[in-house]
Amino acid sequence: MTPALLLAFEDESALAAALARALDVPLAFIEQHRFPDGELRLRLPPQLPGEVLLLRGLYPPNDSLVELLIAAPAARQLGARTLALACPYLAYMRQDIAFAPGEAVSQRHVAALIGAAVDALVTVDPHLHRIASLDEVMPGRRTRAVSAAALLGQCAARHADDPLLLGPDEEALQWVAEAARQHALDHAVCRKRRLGDREVRIELPPVDLAGRTVVLMDDVASTGRTLVEAAAACFGAGAATVDVAVTHALFVDDAIGALHAAGVRHVWCSDTVPHPRAVVSVAPLIAGAVRSL
Ligand code: R5P
């Protein structure tokens, strides 16, 4: 697909500009007004070309999702016959089964809402654990998932001395294995047990960490507790340094402070979510995937 226009929201202006440059397409922003009661009014360019790419990452998840669900049909009404979505951070993907009777499988329902709103989707490192691809939850839609793992691995290889890439849980194997393969680095994953929103237990793999430079790598950091526990375990096993590399830098509340308090040296992340720590840009990856649609 070669879109004739990239539509974006102001909160993602840096990534939007980089993506527009990478695709060599004009960029227009959607104006928003929030009414006193919290409702949104969106204003799009009144005449849109037939092929439009909409950039809307889902962080914060709920407000962004509503923006997307209003902007997409509005774009169609204003002329977009083909509408693709670039969603660098696809929220709600972790809730992929009912962990208790009656629990909504949000992954499925949110994916269905998005699939009904757009023709195609490009995203980055979606948290797919119990399903193999997005096609399973978005049947009939063209989807592409690209990964920031190799870029983050490159960052680790440049700034850390012969690092071991360590995933804090088994789901992270896909990312550490890919980054390790691309940059000829060692990798391993821990086992994680989640006890609550901010409470996890980490069991290290049977690897000698004494004196090693460890880079903890994961798709998403939210409260940061997964990484804090993993860092503590690594230092307990004699690691010399621990750095952190994540694709989606949510880092809620005191997450960054907690990481440094746990002894973490560097925190690297991509720009899928606007964050001052972003050191690698996914814009070229998204652009390539959009062209391949
Ligand atoms: C889940 O398995 C994800 O890959 C992350 O490990 C998790 O979301 C991190 O959450 P938190 O930072 O709150 O521990």
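The values are calculated or read from the model by the stated rules, or taken from the named source; none is laboratory data. Quick caveat, the model's predicted, so the values are computed rather than measured. Here the Cβ is made from the backbone with ideal geometry for all residues, glycine too, and neighbour counts use every protein chain on show. What goes into the accessible areas is simple: the full protein's heavy atoms, side chains included, and nothing from ligands, DNA or RNA. Shrake-Rupley method; radii C 1.70, N 1.55, O 1.52, S 1.80 Å.
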Filter result for Gly288 (small (Gly, Ala, Ser) and touching a residue at least 40 places away in the same chain (Cβ under 8 Å)): yes
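Which residues, taken from segment 49-66, are outside any strand (DSSP E or B) and within 18 Å of the chain's Cα centre (by Cα)? Give the derivation first.
The initial filter retains those residues of segment 49-66 that are outside any strand (DSSP E or B), namely 49-50, 56-66.
Within segment 49-66, Arg56, Gly57, Leu58, Tyr59, Pro60, Pro61, Asn62, Asp63, Ser64, Leu65 qualify.
Looking at Val118, Val124 in this structure, which one is under 17 Å from Met1 (Cα atoms) and touching a residue at least 60 places away in the same chain (Cβ under 8 Å)? Give the steps one after another, and end with the answer.
Numbers: Val124 fails: under 17 Å from Met1 (Cα atoms).
Of Val118, Val124, the one residue that is under 17 Å from Met1 (Cα atoms) and touching a residue at least 60 places away in the same chain (Cβ under 8 Å) is Val118.
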Complete set of residues in segment 154-170 that are aliphatic (A, V, I, L, M) and either away from the ligand (no atom under 16 Å from the Cβ) or farther than 13 Å from Val244 by Cα (or both): Ala156, Ala157, Ala160, Leu164
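What strands (runs of 3 or more DSSP E) completely inside segment 196-279 contain at least 2 residues that are buried (at least 21 other Cβ atoms within 10 Å of the Cβ) and within 13 Å of the ligand (Cβ to nearest atom)?
Details: elements: 199-203, 213-221, 241-249, 267-270.
Strands (runs of 3 or more DSSP E) meeting the threshold: 213-221, 241-249, 267-270.
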Candidates Ala91, Ala74, filtered to the one that is closer than 19 Å to Thr143 by Cβ and either in contact (Cβ under 8 Å) with a residue 24 or more places away in the chain or open to solvent by less than 30 Å² (accessible area, probe 1.4 Å) (or both): Ala91
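Taking the options Leu151, Leu173, name whichever one is closer than 19 Å to Pro126 by Cβ, away from the ligand (no atom under 16 Å from the Cβ) and at pLDDT 95 or above. Before you say what the answer is, go through the steps one by one.
On the way: Leu173 fails: away from the ligand (no atom under 16 Å from the Cβ).
After applying the criteria, what remains is Leu151.
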Residue list for segment 239-285, restricted to those being at negative phi, touching a Gly at 6+ places or on another chain (Cβ under 9 Å) and charged (D, E, K, R): Asp254
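Answer yes or no: is there a residue in segment 119-126 that is in contact with a strand residue (DSSP E or B) (Cβ under 8 Å, 6 or more places away or on another chain), within 27 Å of Val66 (Cα to Cα) and surrounded by fewer than 16 Cβ atoms within 10 Å (Cβ to Cβ).
Within segment 119-126, the subset in contact with a strand residue (DSSP E or B) (Cβ under 8 Å, 6 or more places away or on another chain) is 119-126.
Applying the additional criterion that residues be within 27 Å of Val66 (Cα to Cα) yields 119-126.
Next, only the ones that are surrounded by fewer than 16 Cβ atoms within 10 Å (Cβ to Cβ) stay: none.
Checked against the condition, which is being in contact with a strand residue (DSSP E or B) (Cβ under 8 Å, 6 or more places away or on another chain), within 27 Å of Val66 (Cα to Cα) and surrounded by fewer than 16 Cβ atoms within 10 Å (Cβ to Cβ), segment 119-126 yields no hits at all.
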Yes/no for Val176 being open to solvent by less than 80 Å² (accessible area, probe 1.4 Å) and in a strand (DSSP E or B): no
Pairs with Cβ under 8 Å, 6+ apart, first in segment 164-188 and within 17 Å of Arg130 (Cβ to Cβ) and among the aromatic types (Phe, Trp, Tyr), second part of a strand (DSSP E or B) and modelled with pLDDT of 95 or more: Trp175/Gly167; Trp175/Met217; Trp175/Asp218; Trp175/Asp219; Trp175/Thr247
Residues being buried (at least 19 other Cβ atoms within 10 Å of the Cβ), in a strand (DSSP E or B) and of a type in the set (Asp, Glu) - total across segment 1-48: 0
Residue within segment 133-145 that is outside any loop (DSSP other than H, G, I, E, B), buried (at least 17 other Cβ atoms within 10 Å of the Cβ), out of contact with any Phe, Trp or Tyr (no Cβ under 7 Å at 6 or more places or on another chain) and among the hydroxyl-bearing types (Ser, Thr, Tyr) present: yes
Pairs, first under 13 Å from Leu259 (Cα atoms) and modelled with pLDDT of 95 or more in segment 203-227, second of a type in the set (Asp, Glu) and surrounded by fewer than 18 Cβ atoms within 10 Å (Cβ to Cβ), C-beta under 9 Å, six or more apart: Ser222/Asp197; Thr223/Asp197; Thr223/Asp253; Thr223/Asp254; Gly224/Asp253; Gly224/Asp254; Arg225/Asp197; Arg225/Glu199
Residue match in segment 107-115 (condition: closer than 28 Å to Ala278 by Cα and touching a residue at least 60 places away in the same chain (Cβ under 8 Å)): no
